[in-house]
Amino acid sequence: MKKNINYLLAAFIIAVAISAFVLPKSKSSSKNIEEDNKPSPAMSMTDKNGDTVQLKDFKGKVVVLNLWASWCPPCIAEMPSLEKFYKQMDTEEVALIMLSLDRDFDKSTAFMDSKAYEMPYYKPASPLPAPFAVDAIPATFIINKKGEVVGLHSGMTDFMSETFLNKIQSASSQE
């Protein structure tokens, strides 16, 4: 029993040390890239059932694209806020895409199932195109109804905050 606790403690310390190098140095940062309004690139994703969808399939909706992994402590910490956002969002106007960067998608599925999250999640069907190839996660992109990337938030986000909800509203009005 004591040996197991020592192994768990060591694994936790290693995970924290790795996170210090992989995750952003600041708590979080937001970047409004509305002045660029560059079209989002083509991207294919596969869901847990093996069905493939394209990012362009969501054109006409504001897309919240969240990059995460089951081994990422800040990603896990923001999940309850994301789930609450998902349950309260207008699915006619907004689409949430949880894009797992786990190398083993079965780990993503096991994590989401263990938490009973209802959010749709996917894995990339090919390498991430720019601008989605980020150095750190979590990262959340906001894509307006025209399919233009208009926002990026690096680090943890409170998806129910007034600031975030205002960004969604702003993206929704860009038709």
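Summary of values
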item	result
Filtered residue count, region 140-173, keeping only those that are open to solvent by 60 Å² or more (accessible area, probe 1.4 Å) and within 13 Å of Gly60 (Cα to Cα)	2
Checklist (1) modelled with pLDDT of 95 or more; (2) buried (at least 17 other Cβ atoms within 10 Å of the Cβ); (3) of a type in the set (Gly, Ala, Ser) applied to Ser81, failing item	(2)
Residue in region 135-151 that is within 17 Å of Asp47 (Cα to Cα) and within 15 Å of the chain's Cα centre (by Cα) present	no
Pairs where the first residue, in region 56-68, is in contact (Cβ under 8 Å) with a residue 40 or more places away in the chain and open to solvent by 10 Å² or more (accessible area, probe 1.4 Å) and the second is assigned to a strand (DSSP E or B) and aliphatic (A, V, I, L, M), C-beta under 7 Å, 6+ apart	Phe58/Ala95; Lys61/Val94; Lys61/Ala95
Residues (assigned to a loop (DSSP other than H, G, I, E, B) and on the phi < 0 side of the Ramachandran plot) located in region 60-87	Lys61, Ala69, Ser70, Trp71, Cys72
Test set (1) more than 24 Å from Met119 (Cα to Cα); (2) modelled with pLDDT of 50 or more - Glu35 fails condition number	(2)
Criterion violated by Leu99 - all others in (1) within 27 Å of Asn49 (Cα to Cα); (2) modelled with pLDDT of 95 or more; (3) open to solvent by 60 Å² or more (accessible area, probe 1.4 Å) satisfied	(3)
Output for region 45-60, where each listed residue is touching a Lys or Arg at 6+ places or on another chain (Cβ under 6 Å) and not hydroxyl-bearing (Ser, Thr, Tyr)	Gly60
Positions within region 116-127 being of a type outside the set (Ser, Thr, Tyr), over 13 Å from the mean Cα position of the chain (by Cα) and open to solvent by less than 60 Å² (accessible area, probe 1.4 Å), in sequence order	Ala125
Hey, Asp90 open to solvent by 70 Å² or more (accessible area, probe 1.4 Å), modelled with pLDDT of 60 or more and either under 23 Å from Gln174 (Cβ atoms) or not in a loop (DSSP other than H, G, I, E, B) (or both) or not	yes
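The values are calculated or read from the model by the stated rules, or taken from the named source; none is laboratory data. Remember, predicted model here, so these are calculated numbers, not experimental data. Using ideal geometry, Cβ is built from the backbone for each residue, glycine included, and neighbour counts are taken over all protein chains shown. For accessibility, only protein heavy atoms count, side chains too; no ligands or nucleic acids. Shrake-Rupley method; radii C 1.70, N 1.55, O 1.52, S 1.80 Å.
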